[in-house]
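Chemist: Pasting a structure below so you can have a look.
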Amino acid sequence: MIAVIDMGMGNLQSVCWACKHIGAPVTVASEPKVLEAAQALILPGVGAFGDGMR
């Protein structure tokens with residue numbers, strides 16, 4: 001499973017749609033246990049990394 005990290009910002013649904021489009025299982029999560037269990041992580045954001053680090 002791929003976990004899209006939910007930091008309260010970014011276009012999560014577009015990332016999820018892209019994963020589903022290629023047949024990849026995906027979930028949106030912020031809970032550490034879910035993120036640790038994922039096979040891959042996606043940290044979404046376009047030009048907003050500085051805001052995400054705050």
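Here is a yes/no grid of residues against (1) outside any helix (DSSP H, G or I); (2) surrounded by 12 or more Cβ atoms within 10 Å (Cβ to Cβ); (3) modelled with pLDDT of 95 or more:
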{"site": "13", "(1), (2), (3)": "no, no, no"}
{"site": "19", "(1), (2), (3)": "no, yes, yes"}
{"site": "24", "(1), (2), (3)": "yes, yes, yes"}
{"site": "28", "(1), (2), (3)": "yes, yes, yes"}
{"site": "33", "(1), (2), (3)": "no, no, yes"}
{"site": "36", "(1), (2), (3)": "no, no, yes"}
{"site": "46", "(1), (2), (3)": "yes, no, no"}
{"site": "50", "(1), (2), (3)": "no, no, no"}
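Chemist: Let me ask something else. Only residues in region 19-45 that are over 8 Å from residue 3 (Cβ atoms) and touching a residue at least 24 places away in the same chain (Cβ under 8 Å) count as the first member; pair them with residues that are part of a strand (DSSP E or B) and hydroxyl-bearing (Ser, Thr, Tyr), Cβ under 8 angstrom, at least 6 apart or cross-chain, and list the lot.
Modeler: Filtered contacts from region 19-45: no entries.
The values are calculated or read from the model by the stated rules, or taken from the named source; none is laboratory data. A quick note: this is a predicted structure, and the numbers were derived from the prediction, not measured. Note that we place each Cβ from the backbone using ideal geometry, even for glycine, and neighbour counts take in every protein chain shown.
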